[in-house]
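Chemist: Sending over a structure as structure tokens; questions will come in a sec.
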Amino acid sequence: LRHRYADESGLNTPGTGALRIALIYPNGYNQAMANLGYQSVYQLFNKHPDCCCERFFLPDKEDLLEHEKSGFPLSSLETGSPLAEFDLIALSISFENDYLNLPKIFELGQVPLFRDQRTEDDPLVLFGGVCAFLNPEPLAEIADIVAVGEAEPILPGFISAFKTYCSAKNPKLEFFNNLPGIYLPFQVDIQYAEDGTIAPLSTSPVMRVYLEDLDDSASRSFILNREIEFGDMALTEVMRGCSRGCRFCAAGYIYLPPRERSLGNLLAQVDHGLCQRERIGLVGAAVADHTQIAELQSEIVTRGGEVSVSSLRLDALTGEEAMQLQAAGLKTVAIAPEAGSQRMRDLINKNLDEEQILNAVQLLADAGLMNIKLYFLIGLPTEDDEDIEA
């Protein structure tokens, strides 16, 4: 079953350490391997000398039927090892909708889903990813440990504590106490009042941690496959966070403060990508806000590459940048007015007026970019029929 998924190339060899880690993305292989967070965590685990990390995914429909028919347990991509044989199950979750896939994954892996049903013979369960520091509570009864924040500063201390835990005669989750960014749900007594409010009783707050200097750790497509989402490009993270403060945008807040990679760091990652792909996908909450985005795009084109950007900030776009995007082979540009009326854009702190939107579209058209994708939010608070019509 595992041979249905075939990595094309990259750093896809598990480490040689004694700590066996099952890294689960609770959706299909194609979605997982297009996720830079998942790829980065896989790489971070495997470059640690004490770890051997292997990947697990939600089987596709054909494989799922075969698992259910045969009773064959969910197994890793790298070695075909059953999920239950690992020391740690690390969940990397970016989207709440993927919570719905966890019961099936644990059932196929023959591991109890809920913490209070597992024994010392079962793997520990670590919950990480965007959802973990956006709101960890929906999985508080599933996870033993929650990583609240970005993987780069959390994993070194966690791995050290996990090594101690695995070698102890009487292992206890308290071994993970007081680690930066580590939340232990079993220590929290959640009380629900009659009015529906929640009163957690915790011994100490857990602060989100983040990587202060993005240049300290690469975040790019370490493993490539043309069959996955965005498979025709090598992805590179340009920046994290956003200073714009749009009220609807979770990523703009949970990745604060805004940080960007240096041009030199980015070009080193681009050079890796161009060895495998002609197109470089620039990823970030506000790619156009990078202080050297024009220079970066120009350097990619000079190196013979093409550029794709996750989205453009309309009031940051210049005619030169539009021409660079066209020269780099971009076919479609995504822009996000978010709402049709000025009242609604002001309400959600989008801070764009109609003149700016139309001016940006004109710049793109003048550069020969004729395909535009528009993002709108429908159902915002106080929205009425006039806002929809706008």
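Chemist: Condition check: at pLDDT below 85, out of contact with any helix residue (DSSP H, G or I) (no Cβ under 6 Å at 6 or more places or on another chain) and among the aliphatic types (A, V, I, L, M). Does Leu347 satisfy that?
Modeler: no
Chemist: If you scan the stretch 216-243, which residues turn out to be polar (S, T, N, Q), more than 30 Å from Leu380 (Cα to Cα) and either open to solvent by 20 Å² or more (accessible area, probe 1.4 Å) or within 17 Å of the chain's Cα centre (by Cα) (or both)?
Modeler: Within the stretch 216-243, Ser217, Ser219, Ser221, Thr236 qualify.
Chemist: How many residues, within the stretch 371-390, are assigned to a helix (DSSP H, G or I) and open to solvent by 30 Å² or more (accessible area, probe 1.4 Å)?
Modeler: So the count comes out to 4.
Chemist: Same structure again: State the number of residues belonging to the stretch 274-313 that are farther than 16 Å from Ser219 by Cα, β-branched (Val, Ile, Thr) and open to solvent by 30 Å² or more (accessible area, probe 1.4 Å).
Modeler: Residues in the stretch 274-313 being farther than 16 Å from Ser219 by Cα, β-branched (Val, Ile, Thr) and open to solvent by 30 Å² or more (accessible area, probe 1.4 Å): 3 in total.
Chemist: I would also like to ask the following. Thr203 is checked against (1) open to solvent by less than 70 Å² (accessible area, probe 1.4 Å); (2) modelled with pLDDT under 95; (3) over 28 Å from Glu260 (Cβ atoms) and fails just one. What number does that condition carry?
Modeler: The single condition Thr203 does not satisfy is (1).
Chemist: Please go through the stretch 169-182 and give me each residue that is in contact with a strand residue (DSSP E or B) (Cβ under 6 Å, 6 or more places away or on another chain) and in a loop (DSSP other than H, G, I, E, B), ordered by number.
Modeler: Pro180, Gly181
Chemist: Right, Pro103: closer than 25 Å to Asn46 by Cβ and open to solvent by 10 Å² or more (accessible area, probe 1.4 Å) or not?
Modeler: No.
Chemist: With respect to the numbered conditions (1) within 19 Å of the chain's Cα centre (by Cα); (2) open to solvent by less than 20 Å² (accessible area, probe 1.4 Å), which one is the sole condition not fulfilled by Cys246?
Modeler: (1)
Chemist: Where the second residue is part of a helix (DSSP H, G or I) and open to solvent by less than 40 Å² (accessible area, probe 1.4 Å) and the first is over 14 Å from Leu124 (Cα atoms) and lies in the stretch 98-114, which pairs have Cβ atoms under 6 Å and are six or more apart or on separate chains?
Modeler: Taking only residues 6 or more apart or on different chains, the pairs are Leu108/His67.
Chemist: Turning to a different aspect of this structure: Within the stretch 238-277, how many residues are in contact (Cβ under 8 Å) with a residue 40 or more places away in the chain, touching a strand residue (DSSP E or B) at 6+ places or on another chain (Cβ under 8 Å) and not hydroxyl-bearing (Ser, Thr, Tyr)?
Modeler: Within the stretch 238-277, residues that are in contact (Cβ under 8 Å) with a residue 40 or more places away in the chain, touching a strand residue (DSSP E or B) at 6+ places or on another chain (Cβ under 8 Å) and not hydroxyl-bearing (Ser, Thr, Tyr) number 15.
Chemist: Asn135 - would you say it is more than 25 Å from Leu44 (Cα to Cα) and either polar (S, T, N, Q) or within 20 Å of the chain's Cα centre (by Cα) (or both)?
Modeler: No, not satisfied.
Chemist: Among the numbered criteria (1) touching a Cys at 6+ places or on another chain (Cβ under 9 Å); (2) of a type outside the set (Ser, Thr, Tyr); (3) at pLDDT 90 or above; (4) under 28 Å from Asn135 (Cα atoms), which single criterion is violated by Ala218?
Modeler: (1)
Chemist: Search the stretch 249-297 for residues being in a strand (DSSP E or B) and either under 20 Å from Ala336 (Cα atoms) or of a type in the set (Asp, Glu) (or both), and hand back the single one that is nearest to the chain's Cα centre (by Cα).
Modeler: Ranking the qualifying residues of the stretch 249-297, first place goes to Val283.
The values are calculated or read from the model by the stated rules, or taken from the named source; none is laboratory data. A quick note: this is a predicted structure, and the numbers were derived from the prediction, not measured. Positions of Cβ are generated from backbone atoms using ideal geometry, with glycine treated the same way; all protein chains shown enter the neighbour counts. Calculation scope for accessible area: heavy atoms of the full protein, side chains included, ligands and nucleic acids excluded. Shrake-Rupley method; radii C 1.70, N 1.55, O 1.52, S 1.80 Å.
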